[in-house]
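Accompanying notes for the structure given below.
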Amino acid sequence: MNDEMKKDNTSIKAIAQELGLSPGTISIVLNRRGDEMRISRSTQQKVLDYAKNVNYQPNIYAKRLRKSQKNSSGQIIVVYWPTNFNPNLLSRFFSGVNTFSETSTINVEIMIQPYRTDEINKFVDHVSRNFYSGAIIMGLSEKDVNFMLDKKFDIPIVLFNRVSNHYSAVCVDDFESGSMAAELFYKRGHRHAAIIGYGLFSRSAALKRSGFLCTMAENGIAMDLGDVIDSELSYQGGAIAVEKLIANHPDHLPTALFVQDGIMAIGALAAFQRHGIKIPDDIEILSYGDNPQEGYTTPSLTSIHMPVEEMSFDCIRILLDLIQQGSMHHYTTMHPTSFIFRESCGDANGVYTPRKA
């Protein structure tokens, strides 16, 4: 066996070249149809022995895709999911996918491919028609987006909550969501607010923060570095951020807090309670996302609702339309966000009760 063959031991074409047979013959034998196609037993044995020797592994994704292409009612879609994303989003995403499946005659098989933020380049080698019918990519960072711009794909791609001039996208206006939070606090009488986030690696997070800070400034409310706190995207991260907020303001806490993710907001709520700080009497909390747990905390969390289920529904709908049309055109669909008012913060018409001395 030559060195080149060792490097490419999974290729039917390479096996055919090594044995002096056609790729079609190799494929027939490896699919156990040699007798049916009247290929000699000796040739079959030669192929099978060689395939075993080089540890040939069939491409199950390609086989599935060929099957789906023969059956126009089925498609294989890959969803690229960043490992540092809120896991609640994945559940809500598939709730929308399930709704689509219940209303559509198209059979959709979903494959999940986790990837690390800033490292999408290591995971997109299989984004082609040899493996999938289409792809949905979530959570792209700036570095990931720049890589995607230089890449050529032969299948349609839809980005989740990331506007692009090169790919279809289903989005919300993150800047507007941050602005909504600031405007609510201002109308409720707050003049000292803080924000907890998880850094600027996410364009979505960066836009929400910009919208919040810009609108606070437009309303004449200054915020210093101690009012803007980053931590990891987790329950613990939210709790740690509150400890930092309290340390930054030992004498007078802000009267309102915008937390950029529901998981962090739940951790923040627990930390305030450990310190005997009452919500909403001492500080009001507004969360983002509206994950199911936020309605069952004590007190329940007011949140800006991100319509994840509707967005995932549209991702699948647009992607399948592009697949069936054989089109690589791109479309952008925007969804509105809205307030879900609960106990931790009232609406813009509510009466603001100042923090107790």
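Can you name every one of the helices (runs of 4 or more DSSP H) wholly within region 2-89 that holds 2 or more residues which are hydrophobic (A, V, I, L, M, F, W, C) and modelled with pLDDT under 80?
Once the helices (runs of 4 or more DSSP H) in region 2-89 are filtered for at least 2 residues that are hydrophobic (A, V, I, L, M, F, W, C) and modelled with pLDDT under 80, what remains is 60-70.
Find the residue count for region 108-154, including only residues that are buried (at least 19 other Cβ atoms within 10 Å of the Cβ) and in a loop (DSSP other than H, G, I, E, B).
8
In this structure, does ASN165 turn out to be in a loop (DSSP other than H, G, I, E, B) and out of contact with any Lys or Arg (no Cβ under 9 Å at 6 or more places or on another chain)?
Yes; evaluated as a whole, the condition is true for this residue.
Which of (1) more than 28 Å from the chain's Cα centre (by Cα); (2) crowded, with 16+ Cβ neighbours inside 10 Å does ALA271 not meet, given it meets every other one?
Result: ALA271 fails condition (1) only.
For region 97-107, how many residues meet the condition of being touching a residue at least 24 places away in the same chain (Cβ under 8 Å) and either acidic (Asp, Glu) or surrounded by 16 or more Cβ atoms within 10 Å (Cβ to Cβ) (or both)?
Number of matching residues: 2.
For ILE196, are the conditions met, namely being outside the structural domain of ASN86 (by TED's automatic domain parsing) and either out of contact with any helix residue (DSSP H, G or I) (no Cβ under 8 Å at 6 or more places or on another chain) or outside any helix (DSSP H, G or I) (or both)?
Yes, satisfied.
Answer with yes or no whether LEU257 is under 28 Å from the mean Cα position of the chain (by Cα), in contact (Cβ under 8 Å) with a residue 60 or more places away in the chain and surrounded by fewer than 24 Cβ atoms within 10 Å (Cβ to Cβ).
So LEU257 does not fit the description; no.
Of the conditions (1) under 30 Å from LEU245 (Cα atoms); (2) of a type outside the set (Phe, Trp, Tyr); (3) free of Cβ contacts under 8 Å to residues at least 12 places away in the same chain, GLY197 satisfies every one except a single condition; which number is it?
Unmet condition: (3).
Being free of Cβ contacts under 8 Å to residues at least 24 places away in the same chain and acidic (Asp, Glu) narrows it down to one residue among ASP154, ASP150; which is it?
Selected residue: ASP150, the only one of ASP154, ASP150 that is free of Cβ contacts under 8 Å to residues at least 24 places away in the same chain and acidic (Asp, Glu).
The values are calculated or read from the model by the stated rules, or taken from the named source; none is laboratory data. Remember, predicted model here, so these are calculated numbers, not experimental data. Note that we place each Cβ from the backbone using ideal geometry, even for glycine, and neighbour counts take in every protein chain shown.
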